[in-house]
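Asker: Below is a structure I'd like to ask you about.
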Amino acid sequence: MAAEEDTRRTPEPLTEEQAERMFADMNDVIRAGEEMRRLRAEMIRLFAGLGWTQDRIARLTGMSQPAVSKQLTRHKGDDPSPPPLLSLDQHDTPWLEGRLWGLAEEISETLHDAAHCTRHVNAVARGRKHFTPQNVDELRRLVEADLRLHRATLPGGHRHAYDEISRALDIPAPSGTTTESASVRRTLARQIQRARLGDEA
């Protein structure tokens, strides 16, 4: 009788492999959230160091002014960092990766998400892809394919930016003296690259 009941039991709705993948996706989202909170805290300190008021930072971050003040008080005893250099022409790896990220986002938006690099860019934005050497190489190949296939549609500044980034990534950069984390460097470079491409459009 027990054997009969076993044969009639409803099959499991999920396999172990599917469940593992589901939890891995959840963990990616949780990790991305934690990374974003750390990055936001670093960016708040960076802009405060540039002389921005707490009220201004609170308005831009969507946080309350006391919450911004609390973030800054937590690191009050730290050695003050010099303000970051915001020139696009910097050759440390995180900076170049940020420029590549910004360029890929611009290509994706210009081509209305039909670009080869769109899925990669979306995965980076959701925290599902990180800036490993393999992922950076993959993004470079995708961006290069988009630039080749959509030469008539994309502005010339996109190709020029890619050539600069690609050449610099191929040459080992000297160890930098920057005090910002790699995440902050990438985020700054991404926004500055996008702003530059927007100005040139």
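The values are calculated or read from the model by the stated rules, or taken from the named source; none is laboratory data. Since this is a predicted model, take the numbers as computed values, not measurements. As a convention, Cβ positions derive from the backbone with ideal geometry for all residues, glycine included, and neighbour counts pool all protein chains shown. When the accessible area is computed, the model is the full protein with side chains, heavy atoms only, and any ligands, DNA or RNA have been set aside. Shrake-Rupley method; radii C 1.70, N 1.55, O 1.52, S 1.80 Å.
Asker: The conditions are (1) at pLDDT below 95; (2) surrounded by fewer than 12 Cβ atoms within 10 Å (Cβ to Cβ); (3) of a type outside the set (G, A, S), and R128 fails exactly one of them. Which is it?
Answerer: The failed condition is (2).
Asker: On to the next question. From the list T118, T53, pick out the single residue that is polar (S, T, N, Q), modelled with pLDDT of 90 or more and open to solvent by 30 Å² or more (accessible area, probe 1.4 Å).
Answerer: On the way: T118 fails: open to solvent by 30 Å² or more (accessible area, probe 1.4 Å).
Step by step, each of T118, T53 is checked, and only T53 is polar (S, T, N, Q), modelled with pLDDT of 90 or more and open to solvent by 30 Å² or more (accessible area, probe 1.4 Å).
Asker: Sticking with this structure for a sec: How many residues are over 21 Å from the mean Cα position of the chain (by Cα) and of a type in the set (G, A, S) if we restrict to segment 127-184?
Answerer: Qualifying residue count for the region: 4.
One line per residue, one yes/no per condition, for (1) acidic (D, E); (2) within 13 Å of V184 (Cβ to Cβ); (3) free of Cβ contacts under 8 Å to residues at least 40 places away in the same chain; (4) in contact with a strand residue (DSSP E or B) (Cβ under 9 Å, 6 or more places away or on another chain):
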{"site": "A24", "(1), (2), (3), (4)": "no, no, yes, no"}
{"site": "E34", "(1), (2), (3), (4)": "yes, no, yes, no"}
{"site": "L39", "(1), (2), (3), (4)": "no, yes, no, no"}
{"site": "R56", "(1), (2), (3), (4)": "no, no, yes, no"}
{"site": "Q65", "(1), (2), (3), (4)": "no, no, yes, no"}
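Asker: Same structure again: For D89, indicate whether it is modelled with pLDDT under 85, charged (D, E, K, R), under 30 Å from E164 (Cα atoms) and out of contact with any Gly (no Cβ under 7 Å at 6 or more places or on another chain).
Answerer: It is false that D89 is modelled with pLDDT under 85, charged (D, E, K, R), under 30 Å from E164 (Cα atoms) and out of contact with any Gly (no Cβ under 7 Å at 6 or more places or on another chain).
Okay, residues lined up against (1) of a type in the set (S, T, Y); (2) open to solvent by 50 Å² or more (accessible area, probe 1.4 Å):
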position	(1), (2)
A123	no, no
L139	no, no
I171	no, yes
S181	yes, no
R185	no, no
R194	no, no
